[in-house]
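What follows draws every value from the coordinates through simple rules; no lab data is involved. In this text the structure is predicted, and so the values were computed from the model without any measurement. Positions of Cβ are generated from backbone atoms using ideal geometry, with glycine treated the same way; all protein chains shown enter the neighbour counts.
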Ligand code: GLC
């Protein structure tokens, strides 16, 4: 169901890409009270600027990353499972949306007890998805299109079907005997934590009869934790990393990487884990232009993952926004929304780059988190695309894909349903067979085909927003300045690179329009509206802003 606000889409400025530059045509039919002075700034060749920003070691700071659940993205052989060939055939669709890089959920062989986060072999491809040759072909085709490919690297644990674990559990004397964390009792004074959450079981210790000992697992019991105190494990996992780097992957999303080592008193980012991450970074740094992003398990700050800003992660998810954005959007206070970004600025070392999400394979679909209020997830995405950081779009978010109601592995599957490419039931362009899991709700209303043809669709909204970011360094790496407005419902901030400044305005109030003044904003020039709809007027050093209910806008002021 669409909220009434979606019918206000006619007030959204249409951004058309014309010969590499942005032309803006407002199709608003409402008359504005005053006509503020507007500016037109010289427009550089944005396509060339984008190419420059996305080339070299800092590419990840300017890229738009897209998380793909390969199993649900595109089936190429009618078996109902998405695969690598299918994904490769969709690269042009992703490119045309404005995607620069992919993050693939685990693609390695797996018994699928945790949707692939239970890896049975670090150096092969899940046969459901294809072969190593298919993966190499994906890399070639992505790189041909100047797209990067990052893969999930799950190092904290393996599957209980991994050869290392099968060997390890077989006796106390085999070559892999100490590759996992073993104890004579279902506890260990040196391991001061249980399972990661109740979802993964009540006890973190499971008996292996063959050894008459218990092994430690923070996730499902089929996911034994590796013992990083064994130098052989450190070597084997760094070798696995090199295996993928040698094939040409551009980087990794590192799964629960803070949990590698345990101690009696702490299990998250203890000094030994940080040392390992530094070794991992050194491996990446021995290849050109590779980047890694941490799945932080500290949901209030990822500062710890960056080290000195150069020796640990390139990026880490800022979950203080990402997992919790639903909270500020259910109120009207701009300061609550801004806080996670200000915290990053003050806590993270120089060089740190936030990775920004509004959904993932682990949490509810953005549609759900926004309680089905369209203007809410659109504004959540708007913040994701305009605050400092690298946006990671979870596949289908650009369509406002609805949640499903079938759990094959667990209830996180509600957000892992097949992509909807066409309006044609029953396969919706995803498969000619029977999908491995049913589609989310109302697929006929959320297809790429249908939304592409509708200028007011969520897809069109994403595409326009990504086009505005493109080739503008201010968004990926520019300075953030939050402007204090005398109306607490208005979010107003600037993003500035060396030679350009943008003003971003948004309303937290979904019911009424708001006007406020940012005293002493000292904007460097008059506004040129690039996206959305709002009125911004400079008056001396002050700036007056009027935003519609749930409104949003991007202006250029320099
Ligand atoms: C991460 C993954 C999640 C998985 C867990 C264990 O949190 O995102 O899907 O269940 O790690 O690997």
> Say we look at the stretch 194-212 and pick out the residues that are more than 16 Å from the ligand (Cβ to nearest atom) and surrounded by 17 or more Cβ atoms within 10 Å (Cβ to Cβ); which of these is nearest to the chain's Cα centre (by Cα)?
Replying inline: 205
> Which of the residues that make up the stretch 104-141 are surrounded by fewer than 22 Cβ atoms within 10 Å (Cβ to Cβ) and under 19 Å from the mean Cα position of the chain (by Cα)?
Replying inline: 115
> Going by the structure shown, is residue 414 out of contact with any strand residue (DSSP E or B) (no Cβ under 6 Å at 6 or more places or on another chain) and not in a loop (DSSP other than H, G, I, E, B)?
Replying inline: yes
>> Just to verify a result, which residue in the stretch 434-458, among those that are assigned to a loop (DSSP other than H, G, I, E, B) and more than 21 Å from residue 405 (Cβ to Cβ), is nearest to the chain's Cα centre (by Cα)?
In response: 457
>> Every residue in the stretch 171-193 that is touching a helix residue (DSSP H, G or I) at 6+ places or on another chain (Cβ under 9 Å), surrounded by 12 or more Cβ atoms within 10 Å (Cβ to Cβ) and part of a loop (DSSP other than H, G, I, E, B), please.
In response: 174, 176, 177, 178, 179, 193
> Got a sec? Which of 357, 283, 293, 393 is touching a strand residue (DSSP E or B) at 6+ places or on another chain (Cβ under 6 Å) and farther than 23 Å from residue 196 by Cβ?
Replying inline: 393
>> With the condition being under 16 Å from the mean Cα position of the chain (by Cα) and closer than 24 Å to residue 350 by Cα, I'd like the helices (runs of 4 or more DSSP H) fully within the stretch 262-340 carrying at least 3 qualifying residues.
In response: 319-322
> Just one of 250, 255 is touching a residue at least 12 places away in the same chain (Cβ under 8 Å), surrounded by fewer than 22 Cβ atoms within 10 Å (Cβ to Cβ) and within 23 Å of the chain's Cα centre (by Cα); which is it?
Replying inline: 255
